[in-house]
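Okay, so here's the structure we're looking at.
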Amino acid sequence: MSDSKDNDNNQLNLSKTHVPDKVYAYSLQVRHVLYELLSCSNNDIVSIEVFDDVAIEKDDGSIEVTQLKSALSDRNPISNRAVDLWKTLYNWLFAVKANELDQENTIFKLFVVSPKQGEISNLFNEVDTFEKAQKAWEQARLEFYDEKGNEKTLGDEYKLYVREFFDSKNMLIACKIIHKFRLSTIDSNHTAILYNLFCQKAFVPDDLIEYVFTFMLGWIDKKTSELIEAGKTMSISFKDYKAQLIAITREFNQKLSLTELAVRPTEAEIQSEFNSVRRYVEQLDIIDCDYTDKLVAISDFLRASTNRTLWANRGDVSEASLNNYEEELIIKFNNKKNIINLSERSLSNKDKGKLLYFQCKDNSINIGHLCVPSFFTPGCYHALADEMGIGWHPEYKSLLKTGCDNNE
């Protein structure tokens, strides 16, 4: 009985903490980036923790900064004396005074993931002229100061923010923030609203929409994580988002195949490549491939390289899929190499390498559900060989490093 009571007490105490709120607020930023991208245009950029929780840098030079407030607990982040509300307004005021935000070209948005209400926040949201903003500032000030300007009782947790916002020397900036203030509250799950908006604006087939939606959320999370780990700002352009959306939609559609977009290399281009010192051609030298084999290899390499770039730029394939494809090629290569080493022990190293090369060249591997042209798989193998990531001859690294001939 005592154990049961202890467990009940532990559950009750945990439910009163703000840990769920904090976790939800963290993931909310990633979801809200997608929410904003759905309404962006070509040159817009959406960022996290640059100007605010989330911000949009518009093509015309204007900025929309958004402070996100989750309210999974009973607290109201936009009540008249809420710390969240006044800290947000204070931070915006400070950012304007520090020239981090241009008050003339900035929209100040407060997005509350809860159907909460507040008299002052609603008052500010209804303002549509600077004159009304001045009146709203004076009216809101009466919550904290009497008509003679005497300060009423203020809580320690928010009095600094209130004093600064209603200081007469900051009145002009405060009123301009009120004029550009926008309040949004939602009365249902943010993820559900985001999903419905995605369905309306993404133009993805109904049978793919859930898969694409989940992928895009993961892509934004991964992209922003990589940026912050690299010491860069967490920002995603609408162009990058659109390219990824198109790419993953096409990949999920199993009926599509990748088609060659680039003009085939000319004989002169192939000969020029042959005359240059390239590792993937040298790799064919040390397994005694003939001149014709090398010309075909050069053509495959050039066609694969050019089309891979065009497909990525056009959004036909995603960056993640190309990385996965390269990993799959290496896995297949190693498997074939191990099989040959076990089954063809009597062959010389050159013949083992030549057998490995032709088996890999003959085995076309698709990118996920997308069928690739016949030149693409061998061309990508040559790209790996050019980087010395793989080698046909068992001793390719030492041979290419020393330039020695091998008679085996």
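Under 30 Å Cα-Cα from K350, which lysines qualify once same-chain neighbours fewer than 8 residues away are excluded?
Counting by Cα, and skipping residues close in sequence, K350 has these lysines nearby: K294, K332, K336, K337, K361, K397, K401.
Please pull out the direction-averaged projected area of the chain, using the convex hull of its alpha-carbon atoms, in nm² to one decimal place.
31.7
What value, in deg cm²/dmol to 500, does the helix sum -39500 (n - 2.57) over DSSP H runs of n ≥ 4 give at 222 nm once divided by the residues of the chain?
-18000 deg cm²/dmol
Tell me the volume per residue, in Å³, of the convex hull enclosing the alpha carbons of region 134-187.
107
For the chain, set up a Gaussian network in which alpha carbons nearer than 10 Å are linked by springs, and say which option among E267, E143, E64 fluctuates the most.
Comparing E267, E143, E64 in the GNM, the peak value goes to E267.
Cross-link candidates for K169: which lysines have Cα within less than 23 Å, leaving aside residues fewer than 8 places away along the same chain?
Qualifying lysines at Cα under 23 Å: K87, K97, K132, K135, K148, K152, K159, K180.
Just to be sure I understand: with springs between alpha-carbon atoms less than 10 Å apart, which residue in N122, N99, N253 has the highest mean-square fluctuation in the Gaussian network model of the chain?
N99
Setting aside same-chain residues fewer than 8 positions from K242, which lysines have a Cα under 20 Å from its Cα?
K58, K201, K222, K223
For region 81-172, state the average projected area of the convex hull of the C-alpha atoms over all orientations, rounded to one decimal in nm².
6.5
Given 37 °C and 0.692 mPa s, compute D for region 317-408 with the Stokes-Einstein relation, Rh being the Kirkwood radius over Cα pairs; round to the nearest whole µm²/s.
Result for D is 232 µm²/s.
Explain nothing, just the number: dipole magnitude of the chain about its Cα centre with +1 on each Lys and Arg Cβ and -1 on each Asp and Glu Cβ, in debye rounded to the nearest 20.
240
Choose one answer from K152, K352, K69: the residue with the largest mean-square fluctuation in a GNM of the chain with alpha-carbon springs under 10 Å.
The residue with the greatest mean-square fluctuation here is K152.
None of the figures in this text is laboratory data; all of them are computed from the coordinates on show. Remember, it's a predicted structure, so these values are computed and weren't measured experimentally. Here Cβ is always computed from backbone atoms with ideal geometry, including for glycine, and neighbour counts include all displayed protein chains.
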